[in-house]
1. Is there a quick way to get the dipole size of the chain? I mean about its Cα centre, with the Cβ of Lys and Arg at +1 and of Asp and Glu at -1; what is the value in debye to the nearest 20?
2. Which order, highest average first, do 50-63, 29-42, 91-104 follow once you tally other Cβ atoms within 10 Å for each residue and take the mean per peptide?
3. Please give the calculated 222 nm ellipticity per residue for the chain, where each DSSP H segment of at least 4 residues contributes -39500 (n - 2.57) and the sum is spread over every residue; nearest 500 deg cm²/dmol?
4. Can you tell me how much longer the chain between residue 62 and residue 43 gets when fully stretched, taken as 0.36 nm per residue apart minus their C-alpha distance, in nm with one decimal?
5. May I ask you to give the solvent-accessible area per residue for segment 1-99, in square angstrom, as obtained with a 1.4 angstrom probe?
6. Per the Kirkwood definition applied to all pairs of different Cα atoms, how many angstroms is the hydrodynamic radius of the chain?
7. In the chain, carbon and sulfur make up what percent of the accessible area (probe 1.4 Å)?
8. Expressed in nm to one decimal, what extension gain is obtained for the pair residue 94 and residue 24 from 0.36 nm per residue of sequence separation less their Cα-Cα distance?
Amino acid sequence: MATVSEQLRRAREQQQLDIYQVAEVTKIKTDHIRALESGTFDVFPAPVYIRGFVRTYAGMLKLDVARLLGDLEVELSQSEKFREPPPLTNTPRSPLDFVMLQLSRLNW
């Protein structure tokens, strides 16, 4: 079975489109299109960008978007970077955070 990247590239080539034409229609940067077609998802900060770009790109190429997104989920689940959602914050919580949370629950 072909990867999502291969399916996108193959469909683009069959329709005789170049990357610049795809970028103009989809408003996706050419660097991102190249990353999608090469399967280098590490350039994206979060999987939500990958899903959105694949949805837009596949729709433009008139591919089966639902099937392609299902294949993408399988591929992303095998990637260590995108296996779990990223943390919302990198800073550790302090006792002051707990106190402020409790105070915010009070009805003044």
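The values are calculated or read from the model by the stated rules, or taken from the named source; none is laboratory data. All figures in this text were calculated on a predicted structure; none of them were measured in a lab. Here the Cβ positions follow ideal geometry from the backbone for every residue, glycine too, while neighbour counts run over all protein chains shown. Ligands, DNA and RNA are stripped out before the accessible areas are found, and what is left, the full protein with its side chains, is counted by its heavy atoms. Shrake-Rupley method; radii C 1.70, N 1.55, O 1.52, S 1.80 Å.
1. The dipole of the chain has a size of about 300 debye.
2. Going by the mean number of other Cβ atoms within 10 Å, highest first, we get 50-63, 29-42, 91-104.
3. Here the helix-only value at 222 nm equals -18000 deg cm²/dmol.
4. Working: separation 19, 0.36 × 19 = 6.84 nm, distance 2.52 nm.
Using 0.36 nm per residue and subtracting the Cα-Cα distance, I get 4.3 nm.
5. Counting only protein heavy atoms, the per-residue value for segment 1-99 is 68 Å².
6. Roughly 16.1 Å, rounded to one decimal.
7. About 56 percent, which is the carbon plus sulfur part of the accessible surface.
8. Numbers: separation 70, 0.36 × 70 = 25.20 nm, distance 4.75 nm.
Result: 20.5 nm gained on full extension.
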